[in-house]
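Below is one structure, written out as structure tokens; the observations come after it.
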Amino acid sequence: MRIFLAIDLRDTLGPAAHAWGRAVAAALGPHDAAALSWVPSQRIHVTLHFLGELDRDAVSSLAGMIAAVSLRLLYLILSR
């Protein structure tokens with residue numbers, strides 16, 4: 001399966017990010033906006049790293065390692 005590390009933003013930024021994405025698409029115009037990859041607001045995230053194709057055992061092992069990592073609070077500001 002295709003795996004990537006990401007920050008889940010749906011609870012904190014979902015609606016605002018969706019509105020921002022619509023504004024970006026309008027500013028770019030239909031041709032350039034079509035080149036972007038949009039996701040529904042309930043799946044909004046920031047990809048940190050794409051890991052590629054991994055088998056279930058590797059995903060399980062990776063999930064355990066990630067769960068053991070303690071992260072500091074991250075502030076992300078989106079503005080014009």
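Could you go through the range 46-55 and let me know if any residue there is assigned to a helix (DSSP H, G or I), open to solvent by less than 100 Å² (accessible area, probe 1.4 Å) and free of Cβ contacts under 8 Å to residues at least 60 places away in the same chain. No, the range 46-55 contains no residue that is assigned to a helix (DSSP H, G or I), open to solvent by less than 100 Å² (accessible area, probe 1.4 Å) and free of Cβ contacts under 8 Å to residues at least 60 places away in the same chain. His18 passes every criterion in (1) out of contact with any Ser or Thr (no Cβ under 7 Å at 6 or more places or on another chain); (2) open to solvent by 80 Å² or more (accessible area, probe 1.4 Å) apart from (1). In the range 1-48, the qualifying residues are those that are hydroxyl-bearing (Ser, Thr, Tyr) and either at pLDDT 80 or above or closer than 23 Å to Leu73 by Cα (or both), and the one that is nearest to the chain's Cα centre (by Cα) is Thr47.
Here are some residues: Ile7, Ile77, Ile3, Ile66. Which one is part of a helix (DSSP H, G or I) and not basic (Lys, Arg)? Write out each step before concluding.
Values: Ile7 fails: part of a helix (DSSP H, G or I); Ile77 fails: part of a helix (DSSP H, G or I); Ile3 fails: part of a helix (DSSP H, G or I).
From the options Ile7, Ile77, Ile3, Ile66, the qualifying one is Ile66.
The values are calculated or read from the model by the stated rules, or taken from the named source; none is laboratory data. This one's a predicted model, so the numbers in the text were calculated from it and none came from an experiment. Neighbour counts run over all protein chains shown; Cβ positions are idealised from the backbone, glycine included. Just so you know, the surface numbers come from the protein's heavy atoms only, side chains and all, with ligands and any DNA or RNA stripped out. Shrake-Rupley method; radii C 1.70, N 1.55, O 1.52, S 1.80 Å.
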